[in-house]
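The values are calculated or read from the model by the stated rules, or taken from the named source; none is laboratory data. Owing to the predicted nature of the structure, the values given are computational and were not obtained by experimental measurement. For neighbour counting, all protein chains shown are included, and Cβ atoms are generated from backbone atoms with ideal geometry for every residue, glycine included. To get the accessible areas, we keep the full protein, side chains included, count just its heavy atoms, and leave off ligands, DNA and RNA. Shrake-Rupley method; radii C 1.70, N 1.55, O 1.52, S 1.80 Å.
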Amino acid sequence: MVDVTSSTTVVFDLGGVLIQWDPRHLYRKLFDAPDEMESFLAEVTTADWNAQQDAGRPWAEAVETLVAEHPEQRELIEAFYLRWPEMLAGEMPGTVDVLTELRAAGIRLVALSNWSAEMFPVALERFDFLSWFEGIVISGEVGVNKPDPRIFAHLVGRFGIEPAESLFIDDSPTNIDAARALGFRAIQFTDAAELRRELVRLGLLPDVRAGSRTQQPSR
C-alpha cells in the first residue's frame, strides 16, 4: 500500500501504460507461422538489442550490426526500423481517460519513458495527449534507460521533482523497484481500472461512486 496523499507530481511511463507498443503488431504481417515470429523476436531482434536504441544507439548502426550477424534475415531486420510505426497499435484502453481526469484535477504531469529518440517523434505526431505533459524525458535523448538511477536523477533535476512527493507509474516491476529505491512512491500498472482505483484510494481522484445515491421513487 502506498500513501501519496501529499503527492504533487505524477510521473507516467508511456509504452505499456498509455501507448500500446509491440513488435508483434508488425511481424504478424510478415510471418505466416506464429512460432517462427516468436523465435525471430526472441533470437534476432531481441529486447536487449532494441534497448540499445532506447539508450541512444542510432538505428542505422543497430540494423547493420544485426544484419552482419544474420545476413539471411536482412529484410526482416530492416523492417523493425523502416516499419516501426506499425508497432504502435494505439492508446492503452482506458488509461488516457485516467490521465484526462488527473489533468482536469490540476495534478502536475510529467513522463519518463524508455524510447528511441529517432522514433519518439512518431508518437508525438500520433498521440495528442502527449502535449498535456509539462515535460517528457526520453531515454534515447538522455543516453541511459530505466531502471538506471541516472535517468531518474535527470528527471528530478530537470523538473525540480521531490521524489517523496511524487507518484511514479510504470508497468515494469524492475522500474518500480528502482523508483522506490530512490524515494519515489510508485504503482505498478496492470490496467486502467486498477490504476484509477489506486488513484482514488490515494486521494488523487474522486470516487465517482461516493456521490451516487439510490433515488427512491416519489410517493
Cα-Cα pairs above 27 Å in region 80-206: how many percent? 17
For region 126-193, shape from the Cα gyration tensor axes a ≥ b ≥ c, cut at a/c of 1.5 then a/b versus b/c, turns out rounded
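Give the relative contact order (percent, whole number) for region 63-219; include only Cα pairs under 8 Å separated by 6+ residues. List each step's numbers first, then the result.
Working: 139 pairs, mean separation 26.4, N = 157.
Computed value for region 63-219: 17 percent relative contact order.
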Quick one: if you stick a label point 7 Å off each Cα along the C-beta vector at residue 131 and residue 104, how many nm between them? 2.0
Given Cα pairs under 8 Å that are at least 6 residues apart, what percent is the relative contact order of region 1-139? 38
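Of the accessible area of region 88-182, with the probe set at 1.4 angstrom, what percent is carbon plus sulfur? Before the final figure, lay out each step's value.
On the way: 2020 of 4130 Å².
Summing carbon and sulfur atoms, their accessible area is 49 percent of the total for region 88-182.
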Grab the DSSP H runs of the chain that are 4 residues or longer, score each as -39,500 (n - 2.57), total them, divide by all residues and round the 222 nm result to the nearest 500 deg cm²/dmol. -11500 deg cm²/dmol
Sorted by chain and number, the residues with a modelled amide H under 5 Å from that of residue 137, at a separation of 5 or more or across chains, are 111, 112, 113
Does region 118-158 come out rounded, prolate or oblate, given a ≥ b ≥ c as the square roots of the eigenvalues of its C-alpha gyration tensor, rounded meaning a/c under 1.5 and, failing that, prolate meaning a/b above b/c? oblate
List the residues, sorted by chain then number, that are 5 or more residues from residue 91 or on another chain and whose placed amide H is less than 5 Å from its amide H. 20
For the chain: accessible area per residue (Å², 1.4 Å): 51
Could you go through region 142-148 in sequence order and give the Karplus-derived ³J(HN,Hα) for each residue, using 6.51 cos²θ - 1.76 cosθ + 1.60 with θ = phi - 60°, rounded to whole Hz, and x for Gly and Pro? 7, x, 7, 9, 4, x, 4
Tilt, helix 192-201 to longest principal axis of the chain (alpha-carbon atoms), in degrees rounded to tens, equals 40
Rule-of-thumb Rg ratio for the chain [Cα; 2.2 N^0.38 Å; N residues]: 1.17
Cα centroid separation - region 62-108 against region 122-160, whole Å: 15
Projecting each Cα onto the charge dipole of the chain (Lys/Arg +1, Asp/Glu -1 at the beta carbon, about the Cα centre), which of 63, 27, 133 comes out farthest on the positive side? 133
